[in-house]
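Here's the structure we're looking at; comments come further down.
The values are calculated or read from the model by the stated rules, or taken from the named source; none is laboratory data. Values in this document were obtained by computation on a predicted structure and should not be read as measured data. For neighbour counting, all protein chains shown are included, and Cβ atoms are generated from backbone atoms with ideal geometry for every residue, glycine included. SASA here: full protein model, heavy atoms, side chains in, ligands and nucleic acids out. Shrake-Rupley method; radii C 1.70, N 1.55, O 1.52, S 1.80 Å.
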Amino acid sequence: MRKFKLSVALLLFTGLSGLQAQEKIPQVEELLEKMTLEEKIGQLNLLTPGGGIATGSVVSEDVEAKIKAGNVGGVFGVSSPERVRQAQELAVKNSRLGIPLLIGSDIIHGYKTTYPIPLGLSSSWDLELIKEGAEMAAKEATADGINWNFSPMVDIARDPRWGRIAEGAGEDPYLGSQIAKAMVEGYQGEDMSLPHTMMATVKHMALYGAPEAGRDYNTVDMSRLKMFNEYLPPYKAAVDAGVGSVMTSFNDIDGIPATGNKWLLTDLLRERWGFDGFVVSDYTSVNEMIAHGLGDLQAVSALAINAGLDMDMVGEGFLTTLKKSVEEGLVSEEQITKAARRILEAKHKIGLLDDPYLYSDESRPEKDILTEENRQLARKAATRSFVLLKKHNNTLPLSKNAKIALVGPLANNKNNMLGTWAPTGNPQLSVPILEGLKNVAPNANITYAKGANISNDTSFAKKVNVFGQRIQIAEESPEALLKEALDLAKSSDVVVAVVGEATEMSGEAASRTDITIPDSQKKLINELVKTGKPVVLVLMSGRPLDISEEMALPVSILQIWHPGVEAGNAVGDVLFGNYNPSGKLTNSWPRSVGQIPIHYRMKTTGRPGPESGDFQKFKTNYLDSPNSPLLPFGYGLSYTTFEYSDVKANAEKLSADGSIELSATVTNTGDFDGEEVVQLYIRDVVRSVTPPGKELKGFQKIALKKGESKTVTFTITPEDLKFYNYNIEFVNEPGEYEFFIGGSSDNKMAGSFELTQ
């Protein structure tokens, strides 16, 4: 029988820091003393003049007049040192108090130098690289006048039907937390007032990645236990890393939309976690609470400000209703003053109150944006993000003297290299696959044919092409396209087929019920295989796909996500062996949509299915499919092979104030040098609430020469074994723990230890 106790660490964790009074900033307090109620409300208003990609149909009107009147705290959709200076001059020289503006933007995976989509970058499992990418993005964006970023997006997502899975780090709270921390530190640096750093925004608070039916903006219904153990950790990690702002999500939580949820924004975020920055709504999410059924614009605006929201993005509900709500006693002026103080404190943190034109240096864009150094980092990030899903007959790496038929609708297509949510990037500056392969292997004989359309469905293409042509349906017939590709294939040594999703087939408002490769491309793949030539599928997507049929074919498969501005060069580096792929999946890939949601932390239930995968009546299994995913979390192959041995703990027991070392020897047993992501999973054998099957608790990316061995050691303390119990207390419990060390979540190399009191 276990004994449970509430530790001192728990008392600290539950938010004593959030109850302490924050030291006030004299410069901010002086401004607040001078401000009228209307001017305080004005600071809570975030507008966009349009001109960029927005996440809603609303574009603000009369922005210039509102800035001059002191009715705007920040704008987004404005860039370049010149335009930003003009915006700041409107505020500084024309409003009564001359308070400068926050200048925001969605910089999701690079600014002008776009690197892989976040889901792809997470597959590198390289925290230093991820941090370096955020630093580069901040340097470029601030050179263009932007001081506030709506990133990182840290929503845990386990349903690949949801398009915004592309923007996050996958399914696991531990990995997601590590990446959230790295990105915040990369954007903000050690001092946000320096001209090359910017304020980050963690989003979307909270649970946005778990919508019912995988449909964007949909309802989320989740227990507090699941929230705290599986979905909230990355947000908290960002807060602990000092993130400057938090953005609310569109969904409801316990029946109350996040934007008006006091438990979420005040009780949890501020009082329990000690967050001292400001909270901004997502695009018109204040107004959208009307559609949720919570009242008119005045009612939902009052609900939001009282819940702890500080800034209203685009909707102008605060601007137009809060004064009336104060007069009617629905909102206190003190609440508005608190929100205004937080906005002003943010402006102080990034140096705007001392120098409104800090981010208006006209000399910076030329020397800081899209430099060769930046492009090389984007290329490196892309190569590290690719995941080798299948090897067949040693086709890869390709010979640099081979005769190659390069086919597929994504093989010579600049419009789809950057990926979703790259509004600040220019697709025409990207390197397509055809060009990149020729750059890397100039002696190869490479011929190209489109082979198929991304989709032949014109109505589907129209939905995808909202932000520009992503699916181009050729004038030639599908039969003519296919014949051209097959003719090339028959006269080649090897076929490389670049297939998958167009950029806007994933991302925001891009949910799909069918996550297979479109039929037009499936036909191309199958016909290429029939030629008998070696076939390599280069798979591009913003989500895990159902590739059960393709995995059964005699092909090699390299998953490249949407790689960014250096796409083609990076693909060439990997296909021709300049870099040995080392990426690992950060989401489980399903065998079919019928398995969704599927993830490695799933609980065993009281009637666990047989380990063999064979069907047994009255067990938790399917009639028509194994329980296991097609590809597990943490999975990824290499041109070489790795073997694990000597998995052990350096002690049998872990004391309450001690540590234990868990280790394994990893050997490169193949013919190439390579990198391996060594993963540690732990299973709590007996717990007061049902435990997950296993939990990721550590990882290390190591490089091994062929034939080389290394011992990889993880140090675990009792703190690493904590979880939230039934009472939402952060505790660990004495007893037996199993651990697993290997190259993916389905590894079987195991040991055990005991946590003592």
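Some points to look at:
- Checking each residue in region 401-448 for being open to solvent by 40 Å² or more (accessible area, probe 1.4 Å) and part of a helix (DSSP H, G or I) picks out Lys414, Asn415, Gln428, Leu429, Glu435, Lys438, Asn439.
- Being open to solvent by less than 40 Å² (accessible area, probe 1.4 Å), in a strand (DSSP E or B) and closer than 21 Å to Gly583 by Cα holds for only one residue in Leu389, Leu398, and it is Leu389.
- Residues satisfying the stated conditions in region 678-695, i.e. buried (at least 21 other Cβ atoms within 10 Å of the Cβ), of a type in the set (A, V, I, L, M, F, W, C) and touching a helix residue (DSSP H, G or I) at 6+ places or on another chain (Cβ under 9 Å): Ile682
- When Asp172 is tested against (1) crowded, with 22+ Cβ neighbours inside 10 Å; (2) free of Cβ contacts under 8 Å to residues at least 24 places away in the same chain; (3) among the acidic types (Asp, Glu), only condition (2) is not met.
- Just so you know, in region 616-670 the residues that are of a type in the set (Phe, Trp, Tyr) and in a loop (DSSP other than H, G, I, E, B) include one that is least open to solvent (accessible area, probe 1.4 Å), and it is Phe633.
- Index of the failed condition, Ser455 passing every other in (1) farther than 29 Å from Pro397 by Cβ; (2) open to solvent by 40 Å² or more (accessible area, probe 1.4 Å): (2)
- Exactly one residue out of Gly583, Gly577, Gly568, Gly613 is part of a loop (DSSP other than H, G, I, E, B), small (Gly, Ala, Ser) and at negative phi: that is Gly583.
- Residue selected from region 23-58 under the condition more than 20 Å from Phe278 (Cα to Cα) and hydrophobic (A, V, I, L, M, F, W, C), by the criterion modelled with the highest pLDDT: Val58
- Single residue of Ala138, Ala157 found to be out of contact with any His (no Cβ under 8 Å at 6 or more places or on another chain), at negative phi and surrounded by 23 or more Cβ atoms within 10 Å (Cβ to Cβ): Ala157
- Residue match in region 333-341 (condition: modelled with pLDDT of 95 or more, part of a helix (DSSP H, G or I), open to solvent by less than 10 Å² (accessible area, probe 1.4 Å) and within 30 Å of Pro195 (Cβ to Cβ)): yes
- Answer from Gly295, Gly308, Gly329 - the residue that is on the phi > 0 side of the Ramachandran plot and either among the charged types (D, E, K, R) or open to solvent by 60 Å² or more (accessible area, probe 1.4 Å) (or both): Gly329
- Looking only at residues in region 713-723 that are part of a strand (DSSP E or B) and either aromatic (Phe, Trp, Tyr) or surrounded by 19 or more Cβ atoms within 10 Å (Cβ to Cβ) (or both), the one that is nearest to the chain's Cα centre (by Cα) is Phe723.
- Residues that are without any contact (Cβ under 8 Å) to a residue 60 or more places away in the chain and not hydroxyl-bearing (Ser, Thr, Tyr), drawn from region 659-670: Glu661, Val666, Asn668, Gly670
- Subset of region 546-566 that is more than 19 Å from the chain's Cα centre (by Cα) and of a type in the set (Gly, Ala, Ser) - its residue that is most open to solvent (accessible area, probe 1.4 Å): Ala552
- Within region 736-757, the only residue that satisfies the criterion of being within 26 Å of the chain's Cα centre (by Cα) and either free of Cβ contacts under 8 Å to residues at least 12 places away in the same chain or open to solvent by 70 Å² or more (accessible area, probe 1.4 Å) (or both) is Asp746.
- Scanning region 201-251 for residues that are of a type in the set (Ser, Thr, Tyr), touching a Phe, Trp or Tyr at 6+ places or on another chain (Cβ under 6 Å) and either buried (at least 21 other Cβ atoms within 10 Å of the Cβ) or assigned to a strand (DSSP E or B) (or both) gives Thr201, Ser245, Ser249.
- Tyr726 open to solvent by 20 Å² or more (accessible area, probe 1.4 Å) and not β-branched (Val, Ile, Thr): yes
- Of the residues making up region 699-711, not one is free of Cβ contacts under 8 Å to residues at least 60 places away in the same chain and within 16 Å of Ala649 (Cβ to Cβ).
- Check on Thr321, modelled with pLDDT of 95 or more, hydroxyl-bearing (Ser, Thr, Tyr) and not in a loop (DSSP other than H, G, I, E, B): yes
- Residues of region 495-523 classified as in contact with a strand residue (DSSP E or B) (Cβ under 7 Å, 6 or more places away or on another chain) and open to solvent by less than 10 Å² (accessible area, probe 1.4 Å), total: 10
- Candidates are the residues of region 311-326 that are open to solvent by 60 Å² or more (accessible area, probe 1.4 Å) and in contact (Cβ under 8 Å) with a residue 24 or more places away in the chain; the one that is nearest to Gly73 (Cα to Cα) is Lys323.
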